[in-house]
Amino acid sequence: MTALSRRGVLKSLPIAAGAVVTAGATSSPAGARTASDASFPQPGTRSTPPGTGRLATELTVRLTEQELPGVGHVLTRAYEGTVPGPTLRVRPGDSLEITQVNALPPNGEAMHQDTNLPHGFNTFNLHTHGLHVDPSDEADNVFRVFEPADRPGDTTTHRSTIEIPADHPAGTFWYHPHHHGSTATQLLNGMAGVLVVEGDVDEVPEIAAARDVVVCVSELKLSGGRVPDLTSHGVYDHITSTFLVNGAKNPVLTIAPGEVQRWRVVNAGALTAHFLSLGGQEMHQIACDGITFMKPVATTGLTLPMGGRVDLLVRGGRPGTYKLTGGGPNRHLLTLVVTGTARSMSLPSSLPGRPVGLPEPTRTRVLTLRSYENVFSGAFPNAYRILGDGETPPADPRAGRADLAWGRMAPGYVNQRVRLGEVEEWTVVNDSHVHAHHPFHLHTNHFLLTAVDNRRLATPVWHDTVAVPPNGSVTFRLRAADFTGRSMLHCHQLQHGDEGMMQIVEYVN
């Protein structure tokens, strides 16, 4: 098996594959390091009050008319009336208590008998993507259902209490709705926000001196000033995606020559991966999906799958104007202007990262992400399935590919039982020839990516979301810890997830 370097992985995966590296961690003391340009928006921030260990906040979701810079007047479902919602900042050991108000109108359509037909577009719940927290009760429980009120103008209230473990890694995470059947539509409205766990990596002197910049990339499917609901398979196919950074189209950020900034980049889109490139400016990755590296890794470009995050140290170079592109030279996410008095800021030589090793596995699993075209009648003719170990059995073995149940999400069926503390090796295969975008996301626990297309990584990388290359595979090791209960794994191309490419995982002692 040929070893594949971390830098080689970053650069070699095609955009459809998504990144083999992603996101990081930061704590931001008050002061100049979190100040931002007037022209470069930052989401509002809600932080744990000093000395309390408790962040109690409210998030209201309603249809909101807003003026998006560079886009115009739109109507979207939004947290707190903004795209994205507010950034939540906590520390290990904190309690995150969120009161969620559903101020959306009643669902107008009848509920489908097939759970894998998109539905319930004004129903949501809460997923704290990437956090290693309890997946049950009123914590990160994606089986909860936050229905709207029965009458227009009324609201319903729902509460989540998420205890952040005292040893939780510091990093960049995010939150979004995860009601099966409505997730893609709601993400394409911009319903998402950044969630930061502050801690050790933020106290590294070179990182503490850097300006902390949230770069939340949203993908909106706007038609006539609003986002249509996913009522048939091809609704979004002919609508050009609008990509926003912190709710603005191609905002401008400034940096001085020699200045180092820390960017927390979150792909909060539902359908599109981004190949991030910055026109030759110096970038050093310090974390992936909220797990800090042992040292910075220089890169000229990397791929960020849907749901993935990456923390970058960006150092200003020669004065001029540069574009952060995602998905090709014509997809500009933001403009970086290098200007002003030169500064001399250094990069850290080491970081308080998580070691990249696990013992030999005692169990293996193979999962296959597979799409079938035109096998069903009606508005959603395609089948998005997860086959292999633990696949959902067919309701009618004689029906073949037209069986509605086979390999698709089934609310009462546990596909994978994972024992805490046991080291497993999983291989996830993408054999879908048409639908190349299949990022794999596991809830509750990170996993250690060890190989791509059977090529061993010289340095494994921790992930919670990783793109599986088209007609290829990823291999990782998993040691689940701390929390029992039902959770999820699924494709984070969220239309695929809503239509069945999802499984239930139960963590057991």
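The values are calculated or read from the model by the stated rules, or taken from the named source; none is laboratory data. Owing to the predicted nature of the structure, the values given are computational and were not obtained by experimental measurement. Using ideal geometry, Cβ is built from the backbone for each residue, glycine included, and neighbour counts are taken over all protein chains shown. Note: accessible area is taken over every heavy atom of the protein model, side chains too, but ligands, DNA and RNA are not part of it. Shrake-Rupley method; radii C 1.70, N 1.55, O 1.52, S 1.80 Å.
Observations on the model:
- Residue in segment 259-280 that is over 22 Å from the mean Cα position of the chain (by Cα) and open to solvent by 30 Å² or more (accessible area, probe 1.4 Å) present: yes
- Selection status of Arg315, at pLDDT 95 or above and under 14 Å from the mean Cα position of the chain (by Cα): no
- Candidates are the residues of segment 413-460 that are without any contact (Cβ under 8 Å) to a residue 60 or more places away in the chain and in a strand (DSSP E or B); the one that is surrounded by the fewest Cβ atoms within 10 Å (Cβ to Cβ) is Thr450.
- When Ser218 is tested against (1) under 30 Å from Ala480 (Cα atoms); (2) in contact with a strand residue (DSSP E or B) (Cβ under 6 Å, 6 or more places away or on another chain); (3) of a type outside the set (A, V, I, L, M), just one condition goes unmet, and that condition is (1).
- The set of residues in segment 327-345 that are polar (S, T, N, Q) and open to solvent by 70 Å² or more (accessible area, probe 1.4 Å) comprises Asn330, Thr339, Thr341, Ser344.
- So His238, is it open to solvent by 10 Å² or more (accessible area, probe 1.4 Å), of a type outside the set (Ser, Thr, Tyr) and over 23 Å from Pro118 (Cβ atoms): no
- Pick from segment 290-323, criterion out of contact with any Gly (no Cβ under 8 Å at 6 or more places or on another chain) and within 29 Å of His168 (Cβ to Cβ), ranking: surrounded by the fewest Cβ atoms within 10 Å (Cβ to Cβ): Ala298
- Of the residues making up segment 179-196, those that are of a type outside the set (S, T, N, Q), more than 19 Å from Arg46 (Cα to Cα) and in contact (Cβ under 8 Å) with a residue 60 or more places away in the chain are His180, Gly181, Ala184, Leu187, Leu188.
- So Ala248, is it within 26 Å of Lys323 (Cα to Cα), open to solvent by less than 20 Å² (accessible area, probe 1.4 Å) and not charged (D, E, K, R): yes
- Residues satisfying the stated conditions in segment 356-388, i.e. open to solvent by 50 Å² or more (accessible area, probe 1.4 Å), over 25 Å from the mean Cα position of the chain (by Cα) and under 23 Å from His446 (Cα atoms): Pro359, Glu360, Thr362, Arg363, Thr364
- Restricting attention to segment 288-322, the residues being more than 21 Å from Pro469 (Cα to Cα), outside any loop (DSSP other than H, G, I, E, B) and out of contact with any Lys or Arg (no Cβ under 9 Å at 6 or more places or on another chain) number 6.
- Number of positions in segment 39-57 that are closer than 18 Å to Ile98 by Cα, touching a residue at least 40 places away in the same chain (Cβ under 8 Å) and polar (S, T, N, Q): 4
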